[in-house]
2 protein chains.
Amino acid sequence: MAQDRSSLDQLCVNTLRLLSVDQVEAARSGHPGLPLGAAAPVYVLWTRFLRHNPANPAWPDRDRFILSAGHGSALLYSLLHLTGYDLSLEELKNFRQWGSKTPGHPEHGLIPGVEATTGPLGQGFANGVGMALAEAFLAENYNRPGLKVIDHYTYALVSDGDLMEGVTSEAASLAGHLGLGKIIYLYDDNQISIEGSTGLTFTENVAARFEAYGWQVLRVQEANDLAAVEKALAQAREDQTRPSLVITRSHIGFGSPRQDDAKAHGEPLGPENTRATKEFFGFPPEESFHLPEEALERFRRSLAQGRKQEEDWLSRMEAYRAQYPELGARLKDHLAGRLPQGWDQEIPVFDPKDGPLATRAASGKVLQGLAKRLDNLIGGSADLAPSNKTFLEGRGTIARHSFGGSNIHFGVREHAMGAVVNGMALHGGVIPYGGTFLIFSDYLRPALRLAALSKLPARFVFTHDSIGVGEDGPTHQPVEQLMSLRAIPDLTLIRPADANETAAAWRTALAHPGPVALALTRQKLPVLEPVAVAGGASRGAYVLAGSEDPELILIATGSEVSLALKAGEELERKGLRTRVVSMPSWEIFSQQDQAYRDQVLPPERKLRLAVEAGTSLGWERWVGSEGAVIGLDRFGASAPGGRVFQELGFTVEKVVARALELVERRG
Amino acid sequence: MAQDRSSLDQLCVNTLRLLSVDQVEAARSGHPGLPLGAAAPVYVLWTRFLRHNPANPAWPDRDRFILSAGHGSALLYSLLHLTGYDLSLEELKNFRQWGSKTPGHPEHGLIPGVEATTGPLGQGFANGVGMALAEAFLAENYNRPGLKVIDHYTYALVSDGDLMEGVTSEAASLAGHLGLGKIIYLYDDNQISIEGSTGLTFTENVAARFEAYGWQVLRVQEANDLAAVEKALAQAREDQTRPSLVITRSHIGFGSPRQDDAKAHGEPLGPENTRATKEFFGFPPEESFHLPEEALERFRRSLAQGRKQEEDWLSRMEAYRAQYPELGARLKDHLAGRLPQGWDQEIPVFDPKDGPLATRAASGKVLQGLAKRLDNLIGGSADLAPSNKTFLEGRGTIARHSFGGSNIHFGVREHAMGAVVNGMALHGGVIPYGGTFLIFSDYLRPALRLAALSKLPARFVFTHDSIGVGEDGPTHQPVEQLMSLRAIPDLTLIRPADANETAAAWRTALAHPGPVALALTRQKLPVLEPVAVAGGASRGAYVLAGSEDPELILIATGSEVSLALKAGEELERKGLRTRVVSMPSWEIFSQQDQAYRDQVLPPERKLRLAVEAGTSLGWERWVGSEGAVIGLDRFGASAPGGRVFQELGFTVEKVVARALELVERRG
């Protein structure tokens, strides 16, 4: 393999390689193989093409670069340090240590310049599709002749593992369908995975597969051939009608004694191999974190170049705002993530007199109201829009080479939808959401977790949230999903009890800094008095009805609140002072101050009965040892929804009986 | 479109169609579109090719047919009833009603002849890959010249939605890689999904994509052309080196006024359209569940034919057992799902003196022991075998066109792995397992749920089960996974505390009728005395150490048990009578009788402290209102594992302090 060690470029590539190896060695933990093998193409991308300003990682019109193969984090940290991001050499020396900014896998928000939290394979690939979609949406809506204020590429480095993951297939098919031509991914084709050669399990024709998705596929026979990489990237950029996959044949652990060996993937090379590797590249074998000055200087050119690029953009923005003051102001708000004044003014108030309404239907109406004020609201469903009520009327649909609309047809691709919504949230400038049945939240759970870990403003509309689904049966009836979502740290679940709580839930969701999931009913529910809801729905739980001085507290969420209300009335008739608490969100309620929480659930009132058509696991938190739970610890059944509720114990009679039992038990 | 209504075949196809429509109409719920559009190819398959015996749905050498597009359940129920399975017309009339055997989506175990529970898209597709793999494994290991005792096909009907799902892509890539030539899938290419035309979001070249995976792709221009379908299926069967996708261009809702309309997908046609549809097909428009006798007779030929086929097989088996008595006996056991005598005799007993051991390493040793006695043990990892310790030494590896080994390289395809393991369990004859990191259990969660819903004997090895993962950081450190798995009904999670509990866990896992997931450590743990473990590990929880008359009970699982033991000793030294309970499995403990449960956790001993490096949500169940939990309600962090435990509060000091606090609080 060509190794022109004399050239500056080569020195830079080798600096990237060895700086990465040294991080892994210092930590005695990490993945040296990818940085050694993929440094060259990434170097070409970062120095010849990537428009970014290391001094301002938040510059909105920067190109995005995602290390989808997040295990190669050391390479990304090397790039960030070398090009001048606020990531010191000290941090690199603290790779994978407590409190460092160089964790095992890149974490968005923690490290300047990290565009996405990656590691779980396939996610970064799909995030990039979301970023490119957000770019295309903003570009089409805001660019004007001669004034391209939004114009950037989305790049990624993806691995064999990424391409094996299903979420990648879904996202690639969607990107190909839409013709998102400003996606350019380098595929680090090193033919090695953890168990050995990819020949063991991954022999599909990747190029043909991506062509079938509608991608432009380009090949670089040797990843270390800088000129060939440059040519391929230039060609990729030329075709803006299709996303591009640039396949670079590389060698994991290149230059080390473990080249082309699966061991190079996830094990430090060890001192001896490290020395040999440094010798191979002509670096001082005993020195760690050696930074040749010429190399550093070359990399740091990014700073001046990036500043210039951002300044150009700022002038363009200025000209734009002069010519299109209203648009300019709006775009500025979007890019800053600010909600416009009065954004929630068109959210409807629901009148009980208009009859019962499913919360999914209420959500649909709220969405129409939001769309009137938020022209960067963008989202859709994984082929369930008519059921999820996620379609924004009159707002146009995103289609192949037509990105101005607000409605996305994600297809039956729940997992990609999750990761694409995350990608849009990471990109910024848009307010993204996705929808599917609650049962299929399982399909996108890895993306939900990353949304939470990265604290992304991503919203998910999960309808058909219980056995109330009815006839579709247990395969489609959520049971454990509510509690499993509550278990994810930093994800907020809201399960509103009626249309007005649904309106409050959307208000919360849009103002909330992290991801929010709404659990909504398929079936109709009575509408509560707006005034009853107004006080407390946004606080996670509140006293909806009943006694100031309760002997018993009924706690319910979502569709079970109306059941609890009826049971509460019945219990009052029987002489038991009963309070009904609606608890749409555990997470939000937990964040209220103790005084408020004690007001809703007075600690000394220990007779409590929770009702939720989901697993009972966890409800002990709110009902305590003397309370009880009417939950569902089995799968559902296929029958009309009302019947299923009845058969599985969600009836007024059952709630009343259980409440009286509790009272009796206590004596 | 050709509609030769005079022929018997056509009458049969129309009977299938209208019997399905009538089910949906009776229920006023369901999916008429698929049965109308796909009846013809499925009819050809069932009457010309499918080897099955409706009188014995458990015949091991039957062909498998999976309705991956499970929403078309009415079509499958029609087929089952018409060909003579034990599914009465009454059941069809009770489609989607409480207690019927005709739920909204097919449920394996509930309905004779339903090979897999389907509905969540993509699962059936991937289950079929598992079935075909099990078939190939048994065939290669047991067939002998002239005596093919295992020789059947795996068929499925798959839809646009199936093909959009990522799990399908993963499974298709794996099947193509392995060259599983006895897979033949009909793709119901109706070009309609719920939101409208597939043109909205699914324009990839499906044929080219599957060819890229290594599949044979055949096209039928018109799904109603019975001869063309027959020809394609025959051709598919001829090539046994590659799986086959037969693309049949069909029309959703064919023959109804809603033909080619997305509404036909999931809404009943309604009385008027139903009448028109019956008129179109020449059926009495006012009659429901009309079964033309000639059609019924034609379908029922399957009974005689199937009986004959099974009898032939039985003779073959007899000859086989005569010639190969030992093999024959073994195969018989396998097919009956019986574990051989002494199957657990080689499970090692671990001696504390041999030093600490990670439970994943112990699991690896147990697996080697199991493999010595179980020659139908088959499994692997999603590219993490060296970490999951799932490789069976000396047992050969499954590779392209070579299926005799026991080790499967699933690739970085966790979701497909889950569904393929399920498929192998559904097929029977083998003892399947899959492995990955616990964090990635999220990727296969939909498959885990279906394993539980179908009560499949599927086992999953989830290693790296906590923040003990260390340097890889929060993207790889499970937090909510333990509790989220416990939340799935009928899934058993076991998190052993040491090597000996790991041995017990595997014993339980293999004997258990439903799915079992093991959560195992990356890091080393002290080995407990075998005798201490023997009494209780298999009962889900037991008293591991400490006082008979405890003032405080420490409850811990997995790696936190050794921490609890040390804390318990410290507390005893401080004069607090402390019991340490190891609780490897909530589910198993919950199934013990009250007396045993009260013995382990005496109800009157209310000072309890649970320690688990996972979300605290749910632990209130065991510690009650007066107890406390040391859990983890945030994401982890990247640093050496010991440091992360320490920083996040999992230390002897912290446990002791919290315990004393509890005592003090109580006074």
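Regarding the protein assembly as shown, what is the average projected area of its C-alpha convex hull, in nm²? Don't jump to the answer; show the numbers that get you there.
Numbers: hull surface 196.5 nm².
Result: 49.1 nm².
May I ask for the equivalent-ellipsoid semi-axes of segment A:5-307, computed as the square root of five times each C-alpha gyration tensor eigenvalue and listed largest first in whole Å?
Equivalent ellipsoid semi-axes, largest first: 29, 23, 17 Å.
What nm value, rounded to one decimal, do you get for the distance between A:E293 and A:A595 when each label is placed 7 Å out toward the C-beta?
Once both label points are built, they end up 6.4 nm from each other.
Axis carrying A onto B: which residue of A has the nearest Cβ, and how far, whole Å?
Residue nearest the A-to-B axis, with distance in whole Å: A:G166, 1.
Can you tell me the FRET efficiency between A:R48 and B:Q646 if r is taken as the Cβ-Cβ distance and R0 is 56 Å, rounded to the nearest 0.05? Intermediate values should be presented prior to the final figure.
Details: r = 45 Å, r/R0 = 0.81.
E between A:R48 and B:Q646, to the nearest 0.05, is 0.80.
Quick check on chain A: helices-only [θ] at 222 nm, where DSSP H runs of length 4 and up contribute -39,500 (n - 2.57) each and the sum goes over total residues. Nearest 500, please.
On the way: 26 runs with 282 residues, N = 667.
-12500 deg cm²/dmol, from helical runs alone.
I need the inter-copy label distances for A:Q599: point set 7 Å along Cα to C-beta, values in nm with one decimal, smallest first.
5.1
Report Rg(Cα)/(2.2 N^0.38 Å) for segment B:242-380, keeping two decimals.
Values: Rg = 28.2 Å, N = 139, 2.2 N^0.38 = 14.3 Å.
Normalised Cα radius of gyration, segment B:242-380: 1.96.
Name the long-range amide H neighbours of A:H409: under 5 Å, sequence gap of 5 or more, or other chain; modelled H, no Pro or chain starts.
Long-range HN contacts for A:H409: A:I398.
So between B:R577 and B:N205, what do we pick up on full extension, going 0.36 nm a residue minus the alpha carbon distance? Walk me through the intermediate numbers first.
Details: separation 372, 0.36 × 372 = 133.92 nm, distance 6.95 nm.
Length gained, B:R577 through B:N205: 127.0 nm.
Specify which residue in the list B:A132, B:A639, B:S68 is farthest towards the positive end of the charge dipole of chain B, using unit charges on the beta carbon of Lys, Arg (+1) and Asp, Glu (-1), about the Cα centre.
B:A639
For segment B:62-159, which trypsin sites (Lys or Arg not before Pro) pass both filters: DSSP loop (anything but H, G, I, E, B) and at most 15 other C-beta atoms within 10 Å?
On the way: sites: B:R62, B:R64, B:K93, B:R96, B:K101, B:K148; in loops: B:R62, B:R96, B:K101, B:K148.
Within segment B:62-159, the qualifying trypsin sites (Lys or Arg not before Pro) (loop, at most 15 other Cβ atoms within 10 Å) are B:K148.
If one takes the longest principal axis of the Cα atoms in chain B, at what angle in degrees, from 0 to 90 and to the nearest 10, does the Cα axis of helix B:73-83 lie?
60 degrees
Using a label point 7 angstrom from Cα along Cα-to-C-beta, what distances in nm, from shortest up, separate B:P348 from the other copies?
6.7
Sum up the charges of everything whose Cβ sits under 10 Å from the Cβ of A:S441, counting Lys and Arg as +1 and Asp and Glu as -1, but leave A:S441 out.
Local net charge: -1.
Using +1 on the beta carbon of Lys and Arg, -1 on that of Asp and Glu, and nothing else charged, what's the dipole of segment B:336-421 about the Cα centre, debye to 20?
Values: 10 positive and 8 negative charges, 25 e Å.
So the dipole magnitude of segment B:336-421 works out to roughly 120 debye.
Roughly what angle does helix B:325-336 make with the longest principal axis of chain B, taking Cα atoms, 0 to 90 degrees, to the nearest 10?
Rounded to the nearest ten degrees, it is 90.
Report the convex hull volume per residue for segment A:307-437, counting only C-alpha atoms, in Å³.
Values: hull volume 17.4 nm³, N = 131.
In segment A:307-437, the Cα convex hull volume per residue is 133 Å³.
If I model a spin label as a point 7 Å beyond the Cα along the Cα-Cβ vector, how far apart are those points for B:A322 and A:S402 in nm?
Distance between label points: 7.2 nm.
Can you compute the FRET efficiency between B:Q240 and B:R300 using 1/(1 + (r/R0)^6), with r the Cβ-Cβ distance and R0 = 30 Å? Round to the nearest 0.05.
The computed FRET efficiency comes out at 0.45.
If you count the DSSP beta bridges with both ends in chain B, what percent of them are antiparallel, to the nearest 5? All intermediate terms of the calculation are to be shown ahead of the outcome.
Numbers: 10 of 64 bridges.
Bridges in chain B are about 15 percent antiparallel.
What do you get for Rg/Rh over segment A:625-667 if you use C-alpha atoms and the Kirkwood form of Rh? Let's see the in-between values first.
Details: Rg = 12.5 Å, Rh = 11.7 Å.
That ratio equals 1.07.
State, to one decimal in nm and shortest first, how far the label point of B:G394 sits from each corresponding label point in the other identical copies (label point: 7 angstrom along Cα-to-Cβ).
Nearest first, the other copies' label points are 7.6 nm away.
Please list, ordered by chain and number, the residues whose modelled amide H lies under 5 Å from the amide H of A:I555; skip anything fewer than 5 residues away on the same chain.
A:V581, A:L609, A:A610, A:V611
Determine, at each q value in 0.06, 0.09 (inverse angstroms), the log₁₀ of I(q)/I(0) that the Debye formula gives when each Cα of chain A is one equal point scatterer.
For chain A, the Cα-only Debye profile gives -0.38, -0.79.
Antiparallel DSSP bridges in segment A:5-307: what percent, to the nearest 5?
Details: 3 of 24 bridges.
Around 10 percent of the beta bridges assigned by DSSP in segment A:5-307 are antiparallel ones.
Indicate the gyration tensor shape class of segment B:8-162 (rounded, prolate or oblate), computed on the Cα atoms with a ≥ b ≥ c the square roots of the eigenvalues: a/c under 1.5 is rounded; otherwise a/b larger than b/c is prolate and the rest oblate. Present the calculation step by step, with values, prior to reporting the outcome.
On the way: a/c = 1.87, a/b = 1.72, b/c = 1.09.
Here segment B:8-162 falls in the prolate category.
How much length is gained if the chain between A:R219 and A:Q341 is pulled fully straight, taking 0.36 nm per residue apart and subtracting their Cα-Cα distance, in nm to one decimal?
On the way: separation 122, 0.36 × 122 = 43.92 nm, distance 4.99 nm.
Answer, rounded to one decimal: 38.9 nm.
With +1 on each Lys and Arg Cβ and -1 on each Asp and Glu Cβ, and nothing else charged, work out how big the dipole of chain A is about its Cα centre, in Debye to the nearest 20. Walk me through the numbers on the way to the answer.
Values: 68 positive and 80 negative charges, 228 e Å.
That gives a dipole near 1100 debye.
What does the charge count around B:R64 come to, taking other residues whose C-beta lies under 13 Å from its C-beta (Lys +1, Arg +1, Asp -1, Glu -1)? Could you put the intermediate results ahead of the total?
Details: positive: B:R51, B:R62, B:K182; negative: B:D61, B:D63, B:E115, B:E135, B:D151.
Once all neighbours under 13 Å are counted, the net charge is -2.
Rolling a 1.4 angstrom probe over the protein heavy atoms, how many square angstrom per residue are accessible across chain A? Kindly include the intermediate steps, with their values, before the conclusion.
Working: 20700 Å² over 667 residues.
About 31 Å² of surface per residue is accessible.
Short version: ³J(HN,Hα) in whole Hz for each residue of segment B:218-226, in order, from phi by Karplus 6.51 cos²θ - 1.76 cosθ + 1.60 (θ = phi - 60°), x for Gly and Pro, what are they?
With the stated coefficients, segment B:218-226 comes to 10, 10, 10, 5, 9, 4, 7, 7, 4 Hz.
Counting every Cα pair in segment A:72-172, what percent are over 15 Å apart?
Values: 3385 of 5050 pairs.
Everything past 15 Å amounts to 67 percent.
Spelling out what I want: for every residue of segment B:160-173, take phi, set θ = phi - 60°, compute 6.51 cos²θ - 1.76 cosθ + 1.60 (Karplus), and round to whole Hz; glycine and proline get x.
Per-residue couplings from phi come out as 3, x, 4, 6, 7, 5, x, 4, 5, 4, 4, 5, 5, 5 Hz.
For segment B:352-530, what proportion of DSSP beta bridges, expressed in % and rounded to the nearest 5, is antiparallel?
Details: 3 of 24 bridges.
So the antiparallel bridges amount to about 10 percent of the total.
Could you pull out every residue, at least 5 positions away or on a different chain, whose amide H is within less than 5 Å of the one on A:G546? Hs are placed 1.01 Å off N in the peptide plane, and Pro or chain starts have none.
The list, which skips near neighbours in sequence, is A:V580.
At a threshold of 8 angstrom on Cα-Cα distance, excluding pairs fewer than six apart, so keeping six or more, what relative contact order does chain B reach in percent? Show your work: numbers first, answer last.
Working: 1498 pairs, mean separation 80.0, N = 667.
Reported as a whole number, the value is 12 percent.
Taking the Cβ of B:M131 as the centre, find all other residues whose Cβ is under 12 Å away and add up their charges (Lys, Arg: +1; Asp, Glu: -1).
Working: positive: B:R62, B:R64, B:K182; negative: B:D63, B:E115, B:E135.
Local net charge: 0.
Could you go through segment A:259-272 in sequence order and give the Karplus-derived ³J(HN,Hα) for each residue, using 6.51 cos²θ - 1.76 cosθ + 1.60 with θ = phi - 60°, rounded to whole Hz, and x for Gly and Pro?
For segment A:259-272, the Karplus curve yields 3, 6, 10, 4, 4, 5, 4, x, 10, x, 5, x, x, 5 Hz.
If you keep only loop residues by DSSP, which trypsin sites (Lys or Arg not before Pro) in segment B:318-405 have at most 11 other Cβ atoms within 10 Å of their Cβ? All intermediate terms of the calculation are to be shown ahead of the outcome.
Details: sites: B:R321, B:R330, B:K332, B:R338, B:K353, B:R360, B:K365, B:K372, B:R373, B:K389, B:R395, B:R400; in loops: B:R338, B:K389, B:R395, B:R400.
Answer by residue number: B:R338.
How big is the charge dipole of segment B:551-642 about its Cα centre, in debye rounded to the nearest 20, if each Lys and Arg gets +1 on its Cβ and each Asp and Glu gets -1 on its Cβ? Walk me through the numbers before you get to the answer.
On the way: 11 positive and 13 negative charges, 40 e Å.
Dipole about the Cα centre, nearest 20: 200 debye.
Could you sort out which of A:K353/A:K566; B:K524/B:K606; B:K101/B:K231; B:K308/B:K455; B:K101/B:K332 sit more than 23 Å apart by Cα distance in this structure?
Numbers: A:K353/A:K566 18 Å; B:K524/B:K606 32 Å; B:K101/B:K231 34 Å; B:K308/B:K455 31 Å; B:K101/B:K332 30 Å.
Long pairs (Cα-Cα over 23 Å): B:K524/B:K606; B:K101/B:K231; B:K308/B:K455; B:K101/B:K332.
Scale the Cα Rg of segment A:352-530 by the rule-of-thumb value 2.2 N^0.38 Å and send over the ratio, two decimals.
Details: Rg = 15.0 Å, N = 179, 2.2 N^0.38 = 15.8 Å.
Dividing the Cα Rg of segment A:352-530 by 2.2 N^0.38 Å gives 0.95.
Interface size between chain A and chain B, please: total buried accessible area, 1.4 Å probe, rounded to the nearest 100 Å². Display every interim value, and only then the final one.
Values: alone 24740 and 24700 Å², together 41380 Å².
Approximately 8100 Å², summed over both chains.
Let me check the size of segment B:539-666 from its C-alpha atoms; what are the radius of gyration and Dmax in Å?
13.9, 44
For the Cα atoms of chain B, what angle does the longest principal axis make with the long axis of helix B:414-427, in degrees from 0 to 90, nearest 10?
Once rounded, the angle reads 70 degrees.
The values are calculated or read from the model by the stated rules, or taken from the named source; none is laboratory data. Only a predicted model underlies this, so the values are computations on that prediction, with no experimental measurement involved. As a convention, Cβ positions derive from the backbone with ideal geometry for all residues, glycine included, and neighbour counts pool all protein chains shown. Accessible surface is based on the protein model in full, side chains and every heavy atom, while ligands, DNA and RNA are left aside. Shrake-Rupley method; radii C 1.70, N 1.55, O 1.52, S 1.80 Å.
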